[in-house]
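Chemist: My structure is below; once you've seen it, I'll send some questions.
Just so you know, all these numbers are worked out from the coordinates, no wet-lab data involved. In this text the structure is predicted, and so the values were computed from the model without any measurement. Reconstructed Cβ throughout: ideal geometry from the backbone, glycine too, with neighbour counts over all protein chains shown.
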Amino acid sequence: MSLTEFSAGAPLAQGGHSLPKVTMPALGEMKRQGKPISALTAYDYPTARLIDEAGIDLILVGDSLAMVMLGHENTLAVTVDEMLHHTRAVRRGVRRALVVADMPFGSYHGAVSEGVANAVRFIKEAAAEAVKIEGPRVELVRALVESEIPVVGHLGLTPQSVHRMGGYRVQARSIDAVLQLQADAFALAAAGAGAIVLEGIPREAAAAITAALPIPTIGIGAGPDCDGQILVLHDLVNLTFAPPAKFVRRYVDASALFRSAVERYREDVEHHAFPSDAESYHLPKAARRLFAIDPDAAAAREDADAVVNPDTVVNIDAREEMNEEMNQG
Ligand code: KIV
């Protein structure tokens, strides 16, 4: 079975109900109905598939992959081509969730037309269903939406502004800053953004903006009152090699699980305990006798017409018999 094979026709089910494809308008509907939106990052096929099958509504191919997957110090170095590569892999693993591709630093910071051209690549070449951009780039959001590209905005702590912010600091800590953030959120919504990620802001600010905004907010480090929540998958499962931020909840320690599995494997190899006979392929019975390698088979080997080892050659008749049997079986 190929790794990419989905069981034929099986609908994605949660609690026995099949779940319809998530679209950008569906997120708006969830907000209106008061249904929380669940979102996670994914950067590759297996995790995207697991997340999708677990019923998460939105999968973000975040530029956090620069740090989490590629080992960079911040998100700034990742390129459009690298993001496309990961978005394609994620897309192949997802059937239900909305797949949003993060536009990397530099791909939309110049002319609006350049931002649109780069966003088109994510839709056309990687089958993303929306793009996410950081900051109050109202003109660009309008142009993207006019180009039929759904947009998720991202305000508050925007990691691509790390140098301007002087580090990853909680934003909107004064009344003026909250009012500015609120104005930015409204401007993005008016320009056509379908949802907005609110990152690293006080709970009260996120709650006020969420209550007033006509489109969904998806929070990360923004408290529980947003319309949805997003986390970096690798934070959730402890695969980041760094102390977690205050807002991260670790649901499993995958580092410990992986480490222990890999150490056990190494020990098994070193002690000749892996692979076992049951984990090996075998010749058909008759031929096996000729190549007997274990003590139990040694007796059979003595009976054999010929023995194969570095000093002996299988006699021609035995080899022909063996080939015949192997071809039959
Ligand atoms: O790149 C990212 O992971 C993000 C977050 C919102 C999760 O932008």
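Chemist: Among 104-114, 218-228, 142-152, how do they line up by average Cβ neighbours within 10 Å per residue, starting with the highest?
Modeler: Result, highest mean Cβ count within 10 Å first: 218-228, 142-152, 104-114.
Chemist: In addition: Beyond 24 Å between alpha-carbons counts as too far, so tell me which of K35/K124; K35/K132; K21/K132 fall in that bin.
Modeler: Violating the 24 Å limit, Cα to Cα: K35/K124.
Chemist: What Kirkwood radius, in Å to one decimal, follows from the Cα pairs of the stretch 46-113?
Modeler: Here the Kirkwood hydrodynamic radius works out to 12.6 Å.
Chemist: Here is a follow-up. With a Förster radius of 51 Å, plug the Cβ-Cβ distance of V112 and R266 into 1/(1 + (r/R0)^6) and report the FRET value to the nearest 0.05.
Modeler: The calculated FRET efficiency here is 0.45.
Chemist: Based on the mean of other Cβ atoms within 10 Å per residue, sort peptides 45-58, 121-134 so the most packed one is first.
Modeler: Taking the mean over residues of other Cβ atoms within 10 Å, the ranking is 121-134, 45-58.
Chemist: Taking θ = phi - 60°, what integer Hz values does the Karplus form 6.51 cos²θ - 1.76 cosθ + 1.60 yield along the stretch 91-98, in sequence order, with x for Gly and Pro?
Modeler: 4, 5, x, 10, 10, 10, 5, 6
Chemist: Can you tell me the order of 153-161, 75-83 when each peptide is scored by its average per-residue count of other Cβ atoms within 10 angstrom, highest first?
Modeler: 153-161, 75-83
Chemist: Report the extension gain between L70 and S147 in nm, rounded to one decimal, defined as 0.36 nm multiplied by the number of residues separating them, less their alpha carbon distance.
Modeler: Here the answer is 24.6 nm.
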